[in-house]
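Worksheet: the structure to be examined is printed underneath.
The values are calculated or read from the model by the stated rules, or taken from the named source; none is laboratory data. What you see is a predicted model, and the numbers here were worked out from it, not measured in a lab. Cβ: placed from backbone, ideal geometry, glycine included. Neighbour counts: every protein chain shown. When the accessible area is computed, the model is the full protein with side chains, heavy atoms only, and any ligands, DNA or RNA have been set aside. Shrake-Rupley method; radii C 1.70, N 1.55, O 1.52, S 1.80 Å.
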Amino acid sequence: MNIAVIGTGYVGLVTGACFSEFGVQVTCVDQLEDKIESLKRGEIPIYEPGLAEIVARNVRGGRLSFTTDTAEAVAGSLVVLIAVGTPAASDGSTDLAFIEAVSREIGRCIDSYKVIVTKSTVPVGTSDKVRGWIQEELDRRGDKTTFSIASNPEFLREGAAIGDFMRPDRVVIGTEAGDDHAIAILKDLYRPLYLNETPFVETDIHSAELAKYAANAFLATKISFINEISVLCEEIGGDVQAIARAMGLDRRIGKKFLHAGPGFGGSCFPKDTASAAHFARELGQEFSIVEAAIRVNQRQRQRMIDKVILALEGQANGKTVAVLGLSFKPETDDMREAPSIEIIRGLLERGALIRAYDPAAMAEAGRLIPEMVLCKDVYDALTDADVMVIVTEWNEFRMIDLSRARELMADSRMVDLRNIYDRERIAKAGFRYWGVGR
Ligand SMILES: NC(=O)c1ccc[n+]([C@@H]2O[C@H](COP(=O)([O-])OP(=O)(O)OC[C@H]3O[C@@H](n4cnc5c(N)ncnc54)[C@H](O)[C@@H]3O)[C@@H](O)[C@H]2O)c1
């Protein structure tokens, strides 16, 4: 089968590469010439473990190619996956400009039956709009070509995207009532997973669209929930990690996403929770749980800044803060809505000097916050620092040489926003320690 994937970002590139690995003939499209040119040269524009090898193998095998020409990619494809960005607008709603542009481009160039699949995360009803935009363009040129639309939301996690795509917990496919042809085609596309006994949830388009928001809103709520417990722990002198374990061992609750910390960030949770709350309001309803999760998350960011200032005895002005970890989570270079941004800006506003290090996100972080000093490694960042603040739990921060750190730092203080260190061990090494909810 030949497919086109439009939008070659985190989702589009992983999707295209993984389908080509399954033996599908894939053309990935992006409007950014530089991105496509570098992919053609074999350079991967994002940091995602395992992706470079898969891309290289399938380009060599002739199953994966890149272009900026949507019409050319769509022409030879039975399935067209839309994987462009759906950023938040200022009122929390979703900006569908990229989706509309791609839909209209598709409408202008299709001349045979295709299944048009929305893989981007989009508010309920967007696939109907996609149908409308394509149809308008077809009508404009009096073309009678027919097409199916489908929703196939993506659940992969950055940093573990290949595994998540190849061995997903489930695949969700929403189609229009009675469109068995589209379901059959999409099942054929996903056949390797079907044979693998991956669960498939087949449903209507609106439910598929909402399923993605429901899943992300639930996970974000879990994070905000444990962060609120961490606040209570700080009041009672309790240990949020013991509580998370006590909760998580209950299989009805599960251990995942019960880590107290600086709150959720990244390219998905902040915008998807805001969007879910927004479209609930448009329906005349209140998505109260998710509204609360968003509020808790905002408060948590502020609490993290306060925690660092507390460690600096109330005075950040003129102090040097070593920030370890900038990306919104480990194993990615993605800085979108990373907690580090707000925390660093908050500390800069209070007059602190920031020395920062991240294994993958330095270039983008430096562009976002030019006022901070970018350091070449952990120990460079720690040099002359009054406090070390662990913001992202990259593995290399779990085994810091604490005696070397003490020698380099102006003062021995650690603020561990990911609870990766043990208070006793840190105390033995001569550090004062502040965790989250402990
Ligand atoms: N990143 C994730 O972990 C993740 C996970 C699940 C779902 N999603 C959803 O998937 C969608 C894509 O996310 P992403 O992180 O891959 O975004 P991204 O910003 O990394 O990539 C989007 C790409 O689309 C390209 N694009 C925009 N308009 C185009 C057009 N008209 N023609 C061709 N290319 C065009 C952009 O140049 C960009 O390269 C979003 O809706 C997001 O919410 C993301």
### Task
Quick one: which residue in LEU138, LEU193 is in contact with a Gly (Cβ under 6 Å, 6 or more places away or on another chain), open to solvent by less than 30 Å² (accessible area, probe 1.4 Å), of a type in the set (A, V, I, L, M) and not in a loop (DSSP other than H, G, I, E, B)?
LEU138
### Query
Going by the conditions given, is GLU158 within 19 Å of ILE3 (Cβ to Cβ), part of a loop (DSSP other than H, G, I, E, B) and within 16 Å of the ligand (Cβ to nearest atom)?
no
### Query
Any idea which of (1) loosely packed, with under 15 Cβ neighbours inside 10 Å; (2) under 30 Å from MET335 (Cα atoms) is the one PHE155 doesn't satisfy?
(1)
### Query
Can ALA211 be described as within 16 Å of the ligand (Cβ to nearest atom) and open to solvent by 20 Å² or more (accessible area, probe 1.4 Å)?
yes
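Please find, among GLY318, GLY254, GLY325, the residue that is away from the ligand (no atom under 16 Å from the Cβ), open to solvent by less than 30 Å² (accessible area, probe 1.4 Å), at positive phi and without any contact (Cβ under 8 Å) to a residue 60 or more places away in the chain.
Values: GLY318 fails: open to solvent by less than 30 Å² (accessible area, probe 1.4 Å); GLY325 fails: without any contact (Cβ under 8 Å) to a residue 60 or more places away in the chain.
Being away from the ligand (no atom under 16 Å from the Cβ), open to solvent by less than 30 Å² (accessible area, probe 1.4 Å), at positive phi and without any contact (Cβ under 8 Å) to a residue 60 or more places away in the chain holds for just one of GLY318, GLY254, GLY325, which is GLY254.
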### Query
For the range 98-111, does any single residue satisfy the condition of being more than 18 Å from MET1 (Cα to Cα) and at pLDDT below 95?
no
### Task
Tell me, yes or no, whether the range 82-92 has at least one residue that is within 15 Å of the ligand (Cβ to nearest atom), open to solvent by less than 20 Å² (accessible area, probe 1.4 Å), farther than 20 Å from GLU154 by Cβ and assigned to a loop (DSSP other than H, G, I, E, B).
yes
### Query
So VAL124 clears everything in (1) open to solvent by 50 Å² or more (accessible area, probe 1.4 Å); (2) of a type in the set (Val, Ile, Thr); (3) near the ligand (Cβ under 9 Å from one of its atoms) except one condition, right? Which one?
(3)
### Query
Among the numbered criteria (1) in contact with a Lys or Arg (Cβ under 6 Å, 6 or more places away or on another chain); (2) assigned to a loop (DSSP other than H, G, I, E, B), which single criterion is violated by LYS144?
(1)
#### Entry: Of all residues in the range 259-278 being over 23 Å from ILE305 (Cβ atoms) and in contact with a Phe, Trp or Tyr (Cβ under 8 Å, 6 or more places away or on another chain), the one that is nearest to the ligand (Cβ to nearest atom)
ASP272
### Task
Exactly one condition in (1) touching a residue at least 40 places away in the same chain (Cβ under 8 Å); (2) open to solvent by 20 Å² or more (accessible area, probe 1.4 Å) is not met by ALA161; state its number.
(2)
#### Entry: Test: residue in the range 387-400 that is modelled with pLDDT of 95 or more, in a helix (DSSP H, G or I), open to solvent by 70 Å² or more (accessible area, probe 1.4 Å) and in contact with a Lys or Arg (Cβ under 6 Å, 6 or more places away or on another chain)
no
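Being more than 27 Å from GLU313 (Cβ to Cβ) and either open to solvent by 50 Å² or more (accessible area, probe 1.4 Å) or of a type outside the set (Asp, Glu) (or both) narrows it down to one of GLU364, GLU407, GLU371, so name that one. Step through it out loud before you land on a result.
On the way: GLU407 fails: more than 27 Å from GLU313 (Cβ to Cβ); GLU371 fails: more than 27 Å from GLU313 (Cβ to Cβ).
Result: GLU364 is the single residue among GLU364, GLU407, GLU371 that is more than 27 Å from GLU313 (Cβ to Cβ) and either open to solvent by 50 Å² or more (accessible area, probe 1.4 Å) or of a type outside the set (Asp, Glu) (or both).
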### Query
Out of GLY42, GLY50, GLY76, GLY16, which single residue is surrounded by fewer than 24 Cβ atoms within 10 Å (Cβ to Cβ) and in contact with a strand residue (DSSP E or B) (Cβ under 6 Å, 6 or more places away or on another chain)?
GLY76
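Mind checking whether some residue in the range 227-236 is within 23 Å of the chain's Cα centre (by Cα) and closer than 23 Å to THR121 by Cα? Quick ask: steps written out before the conclusion?
First, pick out the residues of the range 227-236 that are within 23 Å of the chain's Cα centre (by Cα): 227-228.
Okay, now just the ones that are also closer than 23 Å to THR121 by Cα, so none.
No, every residue in the range 227-236 fails to be within 23 Å of the chain's Cα centre (by Cα) and closer than 23 Å to THR121 by Cα.
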### Query
Can you spot a residue in the range 271-285 that is open to solvent by less than 30 Å² (accessible area, probe 1.4 Å), free of Cβ contacts under 8 Å to residues at least 40 places away in the same chain, farther than 28 Å from ILE344 by Cα and of a type in the set (A, V, I, L, M, F, W, C)?
yes
### Task
Determine whether ILE82 is at pLDDT 95 or above and within 25 Å of LYS329 (Cβ to Cβ).
no
### Task
Could you grab me the full set of residues in the range 328-354 that are outside any loop (DSSP other than H, G, I, E, B) and open to solvent by 10 Å² or more (accessible area, probe 1.4 Å)?
ILE341, GLU342, ARG345, LEU348, GLU349, LEU353
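Within the range 299-311, how many residues are surrounded by fewer than 22 Cβ atoms within 10 Å (Cβ to Cβ) and touching a residue at least 24 places away in the same chain (Cβ under 8 Å)?
Looking only at the range 299-311, we keep the residues that are surrounded by fewer than 22 Cβ atoms within 10 Å (Cβ to Cβ), and these are 299, 301-303, 305-307, 309-310.
Those still in the list that are touching a residue at least 24 places away in the same chain (Cβ under 8 Å) too: 301-303, 305, 307, 309-310.
The qualifying residues number 7.
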### Query
Which of the residues belonging to the range 413-426 are free of Cβ contacts under 8 Å to residues at least 40 places away in the same chain, closer than 24 Å to PRO339 by Cβ and open to solvent by 10 Å² or more (accessible area, probe 1.4 Å)?
ILE420, ASP422, ARG423
### Query
When the residues of the range 164-186 are filtered to those that are more than 16 Å from the ligand (Cβ to nearest atom), in a loop (DSSP other than H, G, I, E, B) and of a type in the set (Asp, Glu), which remaining residue is least open to solvent (accessible area, probe 1.4 Å)?
ASP179
